[in-house]
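In what follows, a single structure is set out as structure tokens and then discussed.
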Amino acid sequence: MALGRVGPVHAGFDRWFRVLVCAAVIGVLVWQLLDTLEQEAARLQEQSAKLTLNQLRAALVIKGAEIKLRHGGEYGAWQGKNPFDWLEGSPAGYTGICPHGKAEPGKWCFLPQMAGASRQGRVIFRPAEPITIAGQQGNRETPVAWATGVEFTDSNGNGKRDADERATGLTLIPVAAN
């Protein structure tokens, strides 16, 4: 028998071993690809949510200036109002009033609540992927929320507006989603 020759049994084993190694390598690469895609989807969703929040904050600055000029800076009546109403157009992912009191995964909505004679509510975002946005962590089961509030000069640093502290505009305040 000559050296270097492989018998038919060894050739079949060698072929199957190569196929098995190739399948394992492809499996690992596919696993890595799916993991990377999931991470990128979460990153893109987080960036999109930050962009929407920035749009809302810009709308609040403009609305605050309008209130200052037209209403003498009486911001109290605007607390809890829907800031999406003050945008030129609806941002991607905004569905309007929350259907069934909940936002759909990856979507924004406004959840109105009756507070006396005025309608107030919260802006709700339910991430499709786990993200952290504006200091809040959210996922499919745990949405994040904000309410329109009055921005003020907190001269004593207690986080609450006292009678002698001047209102300066409108802002988004993190609140509980439920």
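Structural remarks
- Yes/no for T95 being of a type in the set (V, I, T) and over 21 Å from L170 (Cα atoms): yes
- Yes/no for I97 being more than 27 Å from A167 (Cβ to Cβ), aliphatic (A, V, I, L, M) and in contact with a strand residue (DSSP E or B) (Cβ under 9 Å, 6 or more places away or on another chain): yes
- Selected residue (only one of A163, A147, A177 is buried (at least 19 other Cβ atoms within 10 Å of the Cβ), part of a loop (DSSP other than H, G, I, E, B) and either modelled with pLDDT under 90 or in contact with a strand residue (DSSP E or B) (Cβ under 9 Å, 6 or more places away or on another chain) (or both)): A177
- When we screen F125, F84 for residues that are crowded, with 16+ Cβ neighbours inside 10 Å and in a strand (DSSP E or B), the only hit is F125.
- Scanning the range 56-81 for residues that are of a type in the set (A, V, I, L, M) and touching a residue at least 12 places away in the same chain (Cβ under 8 Å), we see that the one that is surrounded by the fewest Cβ atoms within 10 Å (Cβ to Cβ) is A77.
The values are calculated or read from the model by the stated rules, or taken from the named source; none is laboratory data. All figures in this text were calculated on a predicted structure; none of them were measured in a lab. Ideal geometry is used to build each Cβ from the backbone, glycine not excepted, and the neighbour counts take in all protein chains shown.
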